[in-house]
Amino acid sequence: MLKVWGRRSSFNVQKVMWLTGELGLEHEHIDAGGSFGGLDAPEFRARNPHGLVPVIEDGGTVVWESHAILRYLAARYGAGGFWIEDPARRAEADQWIEWAQTALLPNFLTGIFWGFYRMPEAQRNMEAVERAAKLCGRHILMLDRLLADRPYICGNEITLADVPAGTMLYRYFGLEIERPEAPNVEAWYARLRERAPYAEHVMVPFEELKRRLAF
């Protein structure tokens, strides 16, 4: 059986758990990290020498790094759905996965979620937060234009391209920050919320992280 290590409030773990649910995979979830600890245990470090979550073990295969895990699970269990065989169409999804990781998420997760929500109020650099919010807003508006003629990032069906950016939306719309009007992104978010695996694994309360840097 597939095993998944990580705390449910971890953004990167949520990506993996969401896809696990979409694929209908039987799995064992093992709490690790944060208040659960265990990341320095020798048996965990043997699976991931970096001591980070998520980590999966599938039979004899161990994979760490969330996007590597997404691609592994999709390739092994998602043929005809989340895994696209055609290299050109798969590259279309891949470029949005990488864009989310290198452009969208750093501005939101580092600049806003860490810089504003997780940072104790006295230590906040609001100029940096506002700058990150504006940059994040530009990316959201770019997605809004893309989604004007399609329900999902790559077309009519959900793909891996939707997972990294889509996982962000629950926190993005849950924070008291300035956001541009993006009706197509909001409609996309509404479609994601209707998916049971998204509701179960992504729409997880994150109040435990408020004003906490060491978690």
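The values are calculated or read from the model by the stated rules, or taken from the named source; none is laboratory data. Keep in mind it's a predicted model, so treat the numbers as computed, not measured. Cβ sites come from the backbone with ideal geometry, for glycine too, and all protein chains shown count toward neighbours.
For this structure, a couple of remarks:
- Filter result for the condition that a residue is over 19 Å from the mean Cα position of the chain (by Cα) and either farther than 18 Å from LEU73 by Cα or not small (Gly, Ala, Ser) (or both), over GLU92, GLU85: GLU85
- Test result for GLU98, charged (D, E, K, R), outside the structural domain of GLY24 (by TED's automatic domain parsing) and modelled with pLDDT of 95 or more: yes
- Restricting attention to the stretch 183-215, the residues being out of contact with any Lys or Arg (no Cβ under 9 Å at 6 or more places or on another chain), in a loop (DSSP other than H, G, I, E, B) and hydrophobic (A, V, I, L, M, F, W, C) number 1.
- Condition broken by TRP114, with the remaining ones in (1) of a type in the set (Phe, Trp, Tyr); (2) at pLDDT below 95; (3) in contact with a helix residue (DSSP H, G or I) (Cβ under 6 Å, 6 or more places away or on another chain) satisfied: (3)
- VAL185 being farther than 21 Å from LEU19 by Cβ and either within 19 Å of the chain's Cα centre (by Cα) or of a type outside the set (Asp, Glu) (or both): no
- A single member of GLY37, GLY51, GLY60 is surrounded by fewer than 18 Cβ atoms within 10 Å (Cβ to Cβ), in contact with a helix residue (DSSP H, G or I) (Cβ under 8 Å, 6 or more places away or on another chain) and not assigned by TED's automatic domain parsing to the domain that holds ALA132, and it is GLY51.
- Selected residue (criterion: surrounded by the most Cβ atoms within 10 Å (Cβ to Cβ)) from residues of the stretch 7-34 that are closer than 18 Å to ARG71 by Cα and touching a Gly at 6+ places or on another chain (Cβ under 6 Å): VAL13
Per-residue answers, yes or no, for (1) in contact with a Cys (Cβ under 9 Å, 6 or more places away or on another chain); (2) farther than 23 Å from GLY174 by Cα; (3) of a type outside the set (Phe, Trp, Tyr):
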| position | (1), (2), (3) |
| --- | --- |
| THR20 | no, yes, yes |
| GLY33 | no, yes, yes |
| ASP40 | no, yes, yes |
| GLY60 | no, yes, yes |
| LEU70 | no, yes, yes |
| GLY80 | no, yes, yes |
| PRO87 | no, yes, yes |
| GLU92 | yes, yes, yes |
| TRP99 | no, no, no |
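- Strands (runs of 3 or more DSSP E) contained in the stretch 6-109 and holding at least 3 residues in contact (Cβ under 8 Å) with a residue 40 or more places away in the chain: 55-58
- All positions within the stretch 149-188 that are among the hydroxyl-bearing types (Ser, Thr, Tyr) and farther than 20 Å from SER9 by Cα: TYR152, THR159
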